[in-house]
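**Student:** Before anything else, here's the structure in question.
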């Protein structure tokens, strides 16, 4: 085995540039597979963390404008109200916490600083539903809701842009020329799965936003959490039945609301991430196959150039399988060298993309091992035909070849 390996290395070193270009094809292929898969895994981990930050067992109830329902024949009003949310919490046994919500864009002002952001009107249960801790201060209570208190809680992005490093607790900001007292600052959440900065917002009691900022009576969304992940389907059924009853919908009428489970949403996102990882890996595998074609090409050329050498080997006793194994070993050495260098290249490239491109990447040991072994399989697959062709040469014709 060792003599054959030495002969293979000697044959490869005979044409350094050609061998280098062939190995380079494998290096690029293996490196691309590792990099693409690591980016896909990194994106999946990032999405999982973002989904976790949205809260546990979350159900999102959104209104559907009745303008879309020809059966109801109304003028397009939004029918979801805070009373609906309170009824859900009171009457749906599978639901543990509920928070009405309404959102609009505003400009917040503090001194000579101003910041355009979103204000979200929420209820006291919002912190529990979203599993969102406070960095400082307090959250809203029922009294704040009842008296439409002029209080607010800042997201980290808003707090930094308005107050810098100063403590905003107890300070007053102006929203639509109305003063609001800062009673809390949220802990950092980061981006949502849709790429929005979750920290770039201000929370207020939903009654305050309804009456003193927007002048409406409806809510734009209701967030609820089921008592457990297993109870979410029961919670959806209970919410649907209750809202249909409260909205006086007839059996043949469509719902004027929609209940979305966070778990199903998370499953869809996770499946999309898996599909993206497979797609990226498949695209990168094409370059590995191209590298394999390069190995076949160089081995065919090598077979032609060494025809006389093959004839001499056969003349002094080399068998057909010896010639086959010799050329197959050369192909495997080429692909193995390319595989090792490609693994290093892929790891370094993944780290560089993560560092300079601010794109998450997560190196996967199985993907590295699979990429390396796949490069060897490529070498065997594409090296077999040239090796077989060399082993089947007629010794006499080979000796006469010039």
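Where a number appears in this text, it was derived from the coordinates with a stated rule and is not lab data. Keep in mind that what you see is a predicted model, and the values were worked out from it rather than measured. Here the Cβ is made from the backbone with ideal geometry for all residues, glycine too, and neighbour counts use every protein chain on show.
**Student:** For residue 301 and residue 217, compute 0.36 nm times the residue count separating them, minus their Cα-Cα distance, and round to one decimal in nm.
**Tutor:** Answer, rounded to one decimal: 22.2 nm.
**Student:** Can you sort 350, 261 so the residue with the fewest Cβ neighbours within 10 Å comes first?
**Tutor:** 261, 350
**Student:** If you take the beta carbon distance between residue 64 and residue 104 as r and set R0 to 30 Å, what does 1/(1 + (r/R0)^6) give as a FRET efficiency, to the nearest 0.05?
**Tutor:** In this case the efficiency is close to 0.95.
**Student:** I want to check the label-to-label distance for residue 178 and residue 319. Put each point 7 Å from Cα in the C-beta direction and report it in nm to one decimal.
**Tutor:** 9.3 nm
**Student:** Taking 7 Å along the Cα-to-C-beta vector as the label spot, tell me the residue 91-residue 18 distance in nanometres, rounded to one decimal.
**Tutor:** 8.3 nm
**Student:** Two decimals, Cα atoms only, Kirkwood Rh: what is Rg/Rh over segment 183-241?
**Tutor:** 1.06
**Student:** Compute the Kirkwood hydrodynamic radius of segment 147-198, taking the inverse of the mean of 1/r over all pairs of distinct Cα atoms, and give it in Å to one decimal.
**Tutor:** 12.0 Å
**Student:** So what is log10(I(q)/I(0)) for segment 65-255 at q = 0.16, 0.19 1/Å, when the Debye sum runs over its Cα atoms only?
**Tutor:** Here log10 of I(q) over I(0) equals -1.03, -1.30.
**Student:** Between residue 279 and residue 365, what length in nm is gained on full extension when 0.36 nm per residue of separation is reduced by their alpha carbon distance?
**Tutor:** Full extension from residue 279 to residue 365 adds 29.1 nm.
**Student:** Please state, as a whole number in µm²/s, the translational diffusion coefficient that the Stokes-Einstein equation yields for segment 92-179 at 4 °C and 1.567 mPa s, with Rh defined as the Kirkwood radius across alpha carbon pairs.
**Tutor:** D = 90 µm²/s.
**Student:** Averaging over every viewing direction, what projected area does the convex hull of the Cα atoms of segment 263-387 cover, in nm²?
**Tutor:** 9.9 nm²
**Student:** May I pose another question? With runs of 4+ DSSP H residues as the only contributors, calculate the mean residue ellipticity of the chain at 222 nm using -39,500 (n - 2.57) per run, divided by the residue total and rounded to the nearest 500.
**Tutor:** For the chain, the value works out to -18500 deg cm²/dmol.
**Student:** Pop a pseudo-label 7 angstrom from the Cα along the beta-carbon direction at both residue 289 and residue 196 and give the gap in nm to one decimal.
**Tutor:** In this crude label model, residue 289 to residue 196 measures out at 4.1 nm.
**Student:** State, as an integer percentage, the relative contact order of the chain based on alpha-carbon contacts under 8 Å between residues 6 or more apart.
**Tutor:** Normalised by residue count, the contact order of the chain is 30 percent.
**Student:** Radius of gyration and Dmax for the chain's Cα atoms, expressed in Å?
**Tutor:** Looking at the chain, its Cα Rg and Dmax stand at 33.2, 104 Å.
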